[in-house]
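Written below as structure tokens is the structure these notes are about.
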Amino acid sequence: MKSQLTIRLLDDLEEDLTVLTKRLRLKRSDIVRMALERFIGEFREVEETKPYDRVVSIIGNISSGISDLGEAHRKHLLKKIKSHA
């Protein structure tokens, strides 16, 4: 171990931590270390993913039934607006 960290806990959090130490039979420091490792790991995963990676599974999965929607979207939009007016 290279460094030491001191933190202050709210009473509820301290009670939850105490319950966990008894249930898991681990030291408080071990549980806090595990929680930090998990949090940092999840943060890195979110940081490393590109926006495209987050939506790639839904791209191209929705069909409007209109074959030229991408090319003539304005025409179809105006038609839709007029039909609701």
If you go through the stretch 48-85 one residue at a time, how many are outside any loop (DSSP other than H, G, I, E, B) and over 23 Å from the mean Cα position of the chain (by Cα)?
-> 12
Of everything in the stretch 55-85 that's in contact with a helix residue (DSSP H, G or I) (Cβ under 9 Å, 6 or more places away or on another chain) and either in contact (Cβ under 8 Å) with a residue 12 or more places away in the chain or surrounded by 10 or more Cβ atoms within 10 Å (Cβ to Cβ) (or both), which residue is farthest from residue 7 (Cα to Cα)?
-> 66
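Where a number appears in this text, it was derived from the coordinates with a stated rule and is not lab data. On a predicted model such as this, the values are computed, not experimentally measured, just so you know. Note: ideal-geometry Cβ built from the backbone for every residue, glycine included; neighbour counts use all protein chains shown.
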